Amino acid sequence: MALSQALKSEAYRRMLRIRRFEEEGTRLFKEGAIPGAYHASIGQEAAIVGACLALNDDDAMTGTHRSHGHPIGKGADLKPLMAELMGKATGICKGRGGTMHLADNSVGIVSESAIVGGGIPLATGVALSAKVRKTQQVCLCFFGDGAVNQGTFHESLNMGALWRLPVIYFCENNGYAITTSLAGSHGQPSIAARAQAYGMPGTVVDGQDLSAVYEVTREAVARARRAEGPTLIEAKTYRYDEHNVGLLIPGKPYRSPQEVEEYRTRRDPIALYRQRLLAQGFTDADLTAIEQEVAGAVSDAIRFAQESPLPAPETLFDYMYSNPIGTPGK
Amino acid sequence: MTPSQAPQLTRELSLQAYRRMVRIRRFEEEAMRRAMAGEFSGMHSSSGQEAAIVGACLALRDDDYITGTHRSHGHPIGKGADLKPLMAELYGKATGICKGRGGSMHLADRKVGIIGESAIVGGGIPLATGAALSIQVRGTDQVSLCFFGDGAANQGTFGESLNLAAIWKLPVIFFCENNLYAISTPVAKSHGQPDIALRAAGFGLPGVIVDGQDLAEVYAATAVAVGRARKGGGPTLIEAKTYRFEEHCLGLQVPIAYRTPQELERYKSQRDPLVLYRKEMLGRGIAEVEIGGIERDVAAEVADAVTFARQSPLPDPDEVYDYLFSNPIHYPPEPAP
Amino acid sequence: MSSPPKSATVRELTYLNAIVEAQREEMLRDERVILIGENIDIYGGSALFDTFDERRLRNVPISENSFTGMGIGAALTGLRPIVDLTIASFVYLAADQIINQAAKLRYMTGGQLSVPIVFRACTYYNICNAAQHSDRPYPFFMNVPGLKIVAPATPADMKGLLKAAVRDDDPVLVFEDMSLWTKKEPVSTDPDFLVPIGKADVKRGGRDVTIVSIAGCLPKALAAADVLQGEGISAEVIDLRTLVPLDTETLLESLGKTGRVVIVDNSHRTGSVASEVSAVMSEEGFEILRAPIRRVTTPAVQIPYSAALEKPLYPSTERIVAAVKSIL
């Protein structure tokens, strides 16, 4: 089932929001306004947004240290996200999570785990909860090619399949875990092919093609809602930047500049989608309007973040517990 | 693989196989009697799984490595260990194979190549993979065989280790003793897909299903996998469909009937690996009197092992810190309790 | 086990390069030593690839529990692996194999097996990496019999202790500190230069108070001693170096001189290294103590991302000075 014109427009908008947010965020990081470790999703926008658009507002999601694209893809407001990157009290996690943990629970995100593979059992549990509570909710689980080898992947997919849980296991396979390629770390190169071991279907999709990702995810979501169980989706995508901004790779390069260039110029998900939209009833003016709107939203978010206060030191122990007992340790 | 292509056991090896299977069975039966009489606490019996264990062990050399599980008794016996230190270990004696420090779940006899019997389900799978890594780094033609159960196949270590073994073509054989139940949970209620061997393809290694009650079939499949590994062909996953005659552990009361009395009866009367192999040997022309001789020998061996165990001394409490470290520093570590 | 250098040659070495050099020397010395870890080339190990190849430098997929266990299996069968767990917060994924296998196999088998393995993990903290990347897990493992645990704080100690760990036949857990990576000092070039496991080191002599420093707290402890010196207070700074087994002798000898102790530990306060040191010193040095023991630690709160909240948490020079003054 294809996207409506409205949804196409939203898809383009969200992909652009991720791109511009990440570009500006990277710049601010390099200028020292954002600390920590910045893992950008530039290049992976279609995989993220295509999946998110197949979900309802009340569906849940888990993600990874490469956390920025997920809330944006699910429709989150950019201001609290940018404020969080700057460690402000108005940040989505009150300055406590930061770049690797942009979890916006108001758009259904339950975790953005910096422990690789750590979110996969969580997503499986959210799906279990939906089933036990007899809701129609599903949970989409984002993880990377590196997480596939983690024990949690094996354990979780087995349980997801065993109990026909309404979870979609969505792999953003960007080809490299930091610098390690699949050839050097996977016993066999097809991630989707691992699905049959657990008793669920596995699908490969071109992660740079938004419509394709949307179709495949939509089908998986429908399956899940019909209580037929989980699906493993492998979206072949690509990240332009290094694992994290500023990471120095000594020695032999793990990928060629030509490969990166090829993706930037001929496999850019946003450029490809723009082209497609122009052939599907959108005018250049329509799209430019969206681009301008997004640019405005991002600069608004930056200003909001810059003008926001830092968290007060007296609030250090806030949010440790739902039900604190005794005074916190000093 | 046609029957004529499959590696066959020689007459000698057949007799050895039967001897070891009978050893496991009689050892387990006697140990259970002793435990029920209160002479030591608890055990996890391998009765019913002898062909799977011995068939695999006989495909290995003396210098190959094995890791096992809490259901540990069969593995050292299958690999040819002396019964006395094993029985003494069950009794917690100083002469036990682990000096009374391991007990029933950890009958590891290093002399026959065992580098661990892990009570953490799935805990031995990475260890066996590491032994294979060691072999590859040192450049020998040894192999490593990993025993684990159907329950362990869902543990994260299974997925991680099979992948590690596949990427480097490590000489390890992953051998699943699928006895159909993890305590009381049947495979259908814990596995999203019921054939464990089919998981292998997802990691990039071959998977084989064998009838775990048929010694010759287990031996043949394992010998093929071992041969592959020795020549640098990498790992194999073997799933031996077997059965345990006793409960998960001695004395376990399972309030729900997770298996029918009829199923248990059918295995005991028609699928007993000892009975089946006995018949096969007679069919090959091995005399009843020779088979009976093995059975009498083993009975005496087991009785001797019990006597040895009962007469052995207990470990000295003052020696409790012995074997903590190869290289103790500030020893003993603390004032005695 | 500490040996004076055969030659007197030293050269300036950073803490990070001390790690790489120690591994390189031990791998050259003993062909059984191998290195297992994720992205070995990126996080300090790229120089090793000049000398060794993938037979002994094993770049592993993300599967901490099993690649740690794999290292243990290799240790049981003739090799002497170093397992690099990178960021200390990831060590929990490997905890089952470290605790239930490495620490227990020798004992449980009555001495049939030995586990000559080194686990390395580096603490990253105070750099806005948030809770899941910022742990200092030393206390967690101190409670496990069968492990030796070291936490070197200088380049020389890092090199000497890592080499000693590799040569030790038991499982040794080595905690490194990323904030010390660029610290430089003269280090012996003798390939047999070792620092003994189980020996604390008096880094600065003094009379009025003993400051026990754990792991990466050393620079702050020494800075505090400088401040105190300016006020006429002479502080003795002991660098614990080995967390298990504790060098009680050195600690009590110092206490005998000063009668007062401040323990500086960047792990969380509850059940910290400082807690154990404090208990041992008060049990065995009660008569010598002239004031209560003070611990300067990180409060028991999850590590927040925002520097405004994170920076004040770890032991600082000011807090150490204040603690000393509070017991004089």
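Just a few scattered comments:
- Residues satisfying the stated conditions in segment B:304-321, i.e. touching a residue at least 24 places away in the same chain (Cβ under 8 Å) and either more than 10 Å from chain C (Cβ to nearest Cβ) or touching a Phe, Trp or Tyr at 6+ places or on another chain (Cβ under 9 Å) (or both): B:Asp304, B:Ala305, B:Val306, B:Phe308, B:Ala309, B:Arg310, B:Ser312, B:Pro313, B:Leu314, B:Asp316
- The requirement of being on the phi < 0 side of the Ramachandran plot, out of contact with any strand residue (DSSP E or B) (no Cβ under 7 Å at 6 or more places or on another chain) and either touching a residue at least 24 places away in the same chain (Cβ under 8 Å) or among the charged types (D, E, K, R) (or both) is satisfied by B:Lys84.
- Residue match in segment B:269-280 (condition: more than 23 Å from the chain's Cα centre (by Cα) and modelled with pLDDT under 95): no
- Filtered by the rule that a residue be of a type in the set (D, E, K, R), surrounded by fewer than 21 Cβ atoms within 10 Å (Cβ to Cβ) and in contact (Cβ under 8 Å) with a residue 40 or more places away in the chain, segment C:30-53 gives C:Asp30, C:Arg32.
- When residues in segment A:284-317 are screened for being farther than 19 Å from A:Ala83 by Cα, assigned to a helix (DSSP H, G or I) and out of contact with any helix residue (DSSP H, G or I) (no Cβ under 9 Å at 6 or more places or on another chain), 5 of them pass.
- When C:Thr86 is tested against the conditions (1) assigned to a strand (DSSP E or B); (2) over 19 Å from C:Ala215 (Cβ atoms), the lone failure is (2).
To keep it simple, each residue is scored yes or no on (1) out of contact with any Leu (no Cβ under 9 Å at 6 or more places or on another chain); (2) at the interface with another protein chain (Cβ under 9 Å from one of its Cβ atoms); (3) farther than 30 Å from C:Ala308 by Cα; (4) surrounded by fewer than 24 Cβ atoms within 10 Å (Cβ to Cβ).
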residue: A:Glu84; (1), (2), (3), (4): no, yes, no, no
residue: A:Cys93; (1), (2), (3), (4): no, yes, no, yes
residue: A:Gly98; (1), (2), (3), (4): no, yes, no, no
residue: A:Asp104; (1), (2), (3), (4): no, no, no, yes
residue: A:Gly117; (1), (2), (3), (4): no, yes, no, no
residue: A:Ala123; (1), (2), (3), (4): no, no, yes, no
residue: A:Ala130; (1), (2), (3), (4): no, no, yes, yes
residue: A:Thr135; (1), (2), (3), (4): yes, no, yes, yes
residue: A:Cys141; (1), (2), (3), (4): no, no, yes, no
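- Breaking point among (1) within 14 Å of chain A (Cβ to nearest Cβ); (2) at pLDDT below 95, for B:Ala152: (2)
- Counted residues, segment B:180-220 - those being farther than 29 Å from A:Ala192 by Cβ and assigned to a helix (DSSP H, G or I): 6
For (1) of a type in the set (Phe, Trp, Tyr); (2) part of a loop (DSSP other than H, G, I, E, B); (3) within 22 Å of A:Pro121 (Cβ to Cβ), each residue gets a yes or a no:
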site	(1), (2), (3)
B:Leu133	no, no, no
B:Gln136	no, no, no
B:Phe147	yes, no, no
B:Ala152	no, no, yes
B:Thr157	no, no, yes
B:Leu162	no, no, yes
B:Ile167	no, no, no
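- The residue of segment A:157-212 that is nearest to the other protein chains (Cβ to nearest Cβ), among those that are in a helix (DSSP H, G or I), farther than 24 Å from A:Lys134 by Cα and touching a residue at least 60 places away in the same chain (Cβ under 8 Å), is A:Ala212.
- C:Arg24 vs. criteria charged (D, E, K, R) and within 14 Å of chain B (Cβ to nearest Cβ): no
- Matching residues, segment C:203-222, being in a strand (DSSP E or B) and surrounded by 24 or more Cβ atoms within 10 Å (Cβ to Cβ): C:Val209, C:Thr210, C:Ile211, C:Val212, C:Ser213
- When each of B:Tyr331, B:Tyr277 is tested for being of a type in the set (Ser, Thr, Tyr) and not in a loop (DSSP other than H, G, I, E, B), the lone residue that passes is B:Tyr277.
- Where B:Ser46 falls short, out of the listed (1) of a type in the set (Ser, Thr, Tyr); (2) out of contact with any Gly (no Cβ under 9 Å at 6 or more places or on another chain); (3) under 23 Å from B:Pro85 (Cα atoms): (2)
- Among the criteria (1) assigned to a loop (DSSP other than H, G, I, E, B); (2) free of Cβ contacts under 8 Å to residues at least 60 places away in the same chain, the one B:Asp63 does not fulfil is (2).
- Screening A:Ala227 with (1) aliphatic (A, V, I, L, M); (2) within 28 Å of B:Leu198 (Cβ to Cβ); (3) buried (at least 18 other Cβ atoms within 10 Å of the Cβ) gives one miss only, at (3).
- C:Ser282 of a type outside the set (D, E, K, R), under 20 Å from the mean Cα position of the chain (by Cα), in a helix (DSSP H, G or I) and not assigned by TED's automatic domain parsing to the domain that holds C:His133: no
- Candidates B:Lys84, B:Lys93, filtered to the one that is within 18 Å of the chain's Cα centre (by Cα) and away from chain A (no Cβ under 14 Å): B:Lys84
- Candidate set: segment C:61-81, residues that are touching a Gly at 6+ places or on another chain (Cβ under 8 Å) and more than 7 Å from chain B (Cβ to nearest Cβ); chosen: the one nearest to B:Ile125 (Cα to Cα): C:Ala75
The values are calculated or read from the model by the stated rules, or taken from the named source; none is laboratory data. Nothing here was measured: the structure is a model prediction, and the numbers come from that model. Counting neighbours? That spans all protein chains shown, and the Cβs are built from the backbone with ideal geometry, glycine included.
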